[in-house]
1. With both bridge residues required to lie in the chain, what share of the DSSP beta bridges run antiparallel, to the nearest 5%?
2. Whole angstrom only: what separates the Cα centroid of the stretch 140-154 from the Cα centroid of the stretch 250-283?
3. Top to bottom by accessible area (1.4 Å), largest first, where do 99, 182 land?
4. What full-extension length gain, to one decimal in nm, is calculated for residue 244 and residue 219 as 0.36 nm per residue of separation minus the Cα-Cα distance?
5. How are the alpha carbon pair distances in the chain distributed across 10 Å bins from zero to the largest one, expressed in percent?
6. Kindly rank 19-30, 151-162 from highest to lowest mean number of other beta carbons found within 10 Å of each residue.
7. Tell me, what % of the accessible area of the stretch 190-257 is carbon and sulfur with a 1.4 angstrom probe?
8. Give me the number: length gained by fully extending residue 270 to residue 2, i.e. 0.36 nm times residue separation minus the C-alpha to C-alpha distance, one decimal in nm.
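The values are calculated or read from the model by the stated rules, or taken from the named source; none is laboratory data. Since the model is a prediction, treat every value here as computed from it, not as a measurement. Positions of Cβ are generated from backbone atoms using ideal geometry, with glycine treated the same way; all protein chains shown enter the neighbour counts. Only protein heavy atoms, including side chains, enter the accessible area calculation; ligands, DNA and RNA are left aside. Shrake-Rupley method; radii C 1.70, N 1.55, O 1.52, S 1.80 Å.
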Amino acid sequence: MKKIIVTGCNGQLGRAVNQQYAGSTEYELVNTDVGELDITKVDEVLKLAREVKPYAIINCAAYTNVDKCETEPDLAYKINAVGARNLAIAASDVGAKLVHISTDYVFPGDVSDHPLTEFDQVKPKSMYGATKLAGENFVRDFADRYFMIRTAWLYGDGHNFAKTMLKLSETNDTIGVVMDQVGTPTSAAELAKAVKYLLPTDNYGLFHGTCEGDTNWAEFAATVLKLAGKKTVIEPITSQEYKRRFPASADRPAYSILENYMLKLTTDFSFAPWQDAIEAYMKELLGQ
């Protein structure tokens, strides 16, 4: 069987990847998280890669706390940039393919007249975006064969926006949610399908991978609560108002709508509409 090293296996995407490959007779997953592998140490990463001799490495590990990245930039660079570099070095060393996950935060987040493609100019405004962009550049520098997928507004089995809204609805009649940031909620299950689709191919390079369509955070929150049968009212607020209420929060992109342009140009794979994906997720979450 072909072995695949998965980093960040306990995160939302790592769990979704495991679900995608469950019962596979072709692939065996070697799951690692921070307890089993410190991706910031190149010697550790090389040692594991040389022992396992994987067909591929799927990097689901990242430091994704956007606010803490601003106050802990060294740690963010170690995990998001150096960690990606180390995995790229190891993948090339053992002849493995590398799947690396990046983010919409590499873009400036300014309002655009079109969904952002792989050919649009990157210019991160947050430390999270800067460290993820550095990771992208390291993957390009050191990996021989890679699939780099930028995603956005990810949710799955773990801590996420939908679960936060559900928890807040238990003790609040009204919840203030930002309405002037637009993007596409993306199911980890849908992203894992894309990973599984691309991995056996030689269609290497940079891809955007989000569900289809777009919305804003307030509308997304309202959809989640409606699907859960909650009566809590969503109060649309501006990003400025949110910053007044939570001064320590980092700036978020106003515009995060990604176009899966390279997938559409080079494959017949398509993501589900965001409304269908969140409905499927909520049914599973609520045991319906």
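1. Given both bridge residues lie in the chain, the antiparallel proportion sits at roughly 5 percent.
2. Rounded to whole Å, the Cα centres lie 16 Å apart.
3. 182, 99
4. My answer for the length gained is 6.9 nm.
5. Final binned percentages: 6, 28, 36, 22, 7, 0.
6. Result, highest mean first: 151-162, 19-30.
7. 53 percent
8. Computed gain between residue 270 and residue 2 is 93.9 nm.
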